Amino acid sequence: MSLVYQPIIDSQDGRTIGAEALLRWYNGELGSVSPAEFVPVAEDAGLIVEIGDWVLRRACEQVAQWRCTIAPGLIVAVNLSPRQFNEGLLERCFTRSGLEPSALELEITEGLLMSDSETVMPMLTALNEMGVRISVDDFGTGYSSLSYLKRFPLHNLKIDRSFVAGLPDHRDSIAITQAVVAMAHSLGMNVTAEGVETTAQADFLCAIDCDKQQGYFYSRPVGASAYAHSLCDAQMDAADAK
Ligand code: C2E
Ligand code: MG
Ligand code: MG
């Protein structure tokens, strides 16, 4: 297993402000298997806790190192499986890696928020008090109940790429993305658009004040050394511009 990193871009100035860590599994017989296929299997087999702990540790260590050497303000987004929700693990992770909790954004699904508020609520409250940011992944594709948005301490909504794909031409996609941005901002949250593939999509999202963007238009997910190189190049370009 290994991790790849996809840049997260600030819509306003085009700078890379962080990375989403995404899991990769290479199997000798099957070749490269997508996490969309093997994560559900790992969940059913009871392996996701161990795998997810490794992802979290590896991503925190890697980004703590980049923050020390290349980009002090960098943040990392890590996908969390519902079964993996464990605050003790996070504390150990911060102690070992030296990463500040405010540099971590945990991506959770709407399903987790809807599942069991008696255990989820204290956990989210504890994470919030630690300074960890919570982001709702694939927003708009899970459940239609919006009540969890006011119940839980959430910081960011990630607009699912199925909505971004229809921009800037489809009326429904325009209406949904604009409404999500307006709703998130009035609730004090940020918005990330995922799956941005074209200049027209990027420009549209910038115009409607979507805070952050991710997608092949900026970069595919890449290995740690390629990501570090792109950070160094961006730093040099910024220094040249001064
Ligand atoms: P996700 O968290 O919504 O991740 C975004 C997925 O969209 C990634 O697929 C990414 O490679 C892909 N993507 C990014 N930009 C574009 C684009 O412009 N166009 C298109 N068509 N696709 C784009 P990936 O890496 O295959 O991951 C799939 C899903 O697997 C993730 O969806 C996430 O739910 C899950 N996953 C990945 N890594 C982990 C992990 O470490 N732990 C857990 N629990 N789940 C993970
Ligand atoms: Mg994600
Ligand atoms: Mg997503």
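Summary table
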{"quantity": "Flag if Tyr227 is within 16 Å of ligand 3 (Cβ to nearest atom), at pLDDT 95 or above and either under 17 Å from the mean Cα position of the chain (by Cα) or of a type outside the set (Ser, Thr, Tyr) (or both)", "calculated": "no"}
{"quantity": "Qualifying position, being farther than 25 Å from Met114 by Cα, more than 11 Å from ligand 1 (Cβ to nearest atom), within 15 Å of the chain's Cα centre (by Cα) and of a type outside the set (A, V, I, L, M, F, W, C), among Asp211, Asp237", "calculated": "Asp211"}
{"quantity": "Lone unmet requirement of (1) in contact with a Leu (Cβ under 9 Å, 6 or more places away or on another chain); (2) at positive phi for Arg58", "calculated": "(2)"}
{"quantity": "Count - residues of segment 1-21 that are of a type in the set (A, V, I, L, M) and crowded, with 19+ Cβ neighbours inside 10 Å", "calculated": "5"}
{"quantity": "Matching option when the condition is within 16 Å of ligand 3 (Cβ to nearest atom) and within 19 Å of the chain's Cα centre (by Cα), among Leu127, Leu149, Leu154", "calculated": "Leu154"}
{"quantity": "Entirely in segment 107-212, the helices (runs of 4 or more DSSP H) that have 3 or more residues that are among the polar types (S, T, N, Q)", "calculated": "117-130, 171-186"}
{"quantity": "Among residues of segment 98-133, those that are under 16 Å from Gly52 (Cβ atoms) and either without any contact (Cβ under 8 Å) to a residue 24 or more places away in the chain or touching a His at 6+ places or on another chain (Cβ under 8 Å) (or both), counted", "calculated": "1"}
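The values are calculated or read from the model by the stated rules, or taken from the named source; none is laboratory data. Note that the coordinates shown come from a computational prediction; the quantities given were computed from them, not determined experimentally. Heads up, the Cβs are rebuilt from the backbone with ideal geometry, glycines too, and the neighbour counts pull from every protein chain shown.
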